[in-house]
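S.K.: Take a look at the following structure, please.
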Amino acid sequence: MTDSVKIVGLSDLEKKMKDLGPKVQRKHMRTAVNAAARVVRDDAKTLVPVHTGTLKKAIKTKNRRERENKFRTTFSVGVFDKTNETFYWRFVEFGTKNMPANPFLRPALINSKDSALNAMRIRLTANIAKEAKGK
């Protein structure tokens with residue numbers, strides 16, 4: 001199951017973004033969405049119930065550019081560990097037949113939706129203002 005957030009509104013910022021070129025739009029949206037993803041990541045790190053530190057360090061944001069749509073970039077927040085030392089995160093998040101679930105990723109998204117949106121709005125507004133000064 002994948003939880004996601006769809007942002008509707010922000011019409012003033014949308015109008016200002018249309019005045020910028022596509023390359024500049026992509027750059028500023030990417031930094032704004034990254035700011036929002038970092039808020040969710042930081043909240044997940046505070047909610048993780050395992051105190052080894054290894055799992056906390058493996059909670060990261062990941063950026064993936066869509067191939068079919070060059071204007072779309074997806075940021076994911078999750079447990080990304082190339083060494084596979086934190087394979088057990090699934091058991092913590094979803095539980096097992098012998099262990100109850102103790103979720104930390106899904107609640108982080110739910111709890112920090114508003115603050116993530118606010119971080120995105122602040123970053124986007126600052127980026128647009130900076131771009132306007134440069135013109």
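The values are calculated or read from the model by the stated rules, or taken from the named source; none is laboratory data. Keep in mind that what you see is a predicted model, and the values were worked out from it rather than measured. Please note: Cβ atoms are built from the backbone with ideal geometry, for glycine as well, and neighbour counts cover all protein chains shown.
S.K.: Out of everything in region 89-129 that is closer than 17 Å to A35 by Cβ and basic (K, R), what residue ends up being surrounded by the most Cβ atoms within 10 Å (Cβ to Cβ)?
M.R.: R123
S.K.: Every residue in region 79-124 that is among the hydroxyl-bearing types (S, T, Y), under 13 Å from the mean Cα position of the chain (by Cα) and more than 21 Å from K57 (Cα to Cα), please.
M.R.: We begin by selecting, within region 79-124, every residue among the hydroxyl-bearing types (S, T, Y); these are 83, 86, 88, 96, 112, 115.
Retained after the next criterion (residues that are under 13 Å from the mean Cα position of the chain (by Cα)): 112, 115.
Hit for region 79-124 is S115, nothing else.
S.K.: With a cut-off of at least 1 residues that are modelled with pLDDT of 90 or more, name the helices (runs of 4 or more DSSP H) lying wholly within region 1-73. First the steps, then the outcome.
M.R.: Working: elements: 11-18, 22-47, 54-58.
Where helices (runs of 4 or more DSSP H) fall fully within region 1-73 and carry at least 1 residues being modelled with pLDDT of 90 or more, they are 22-47, 54-58.
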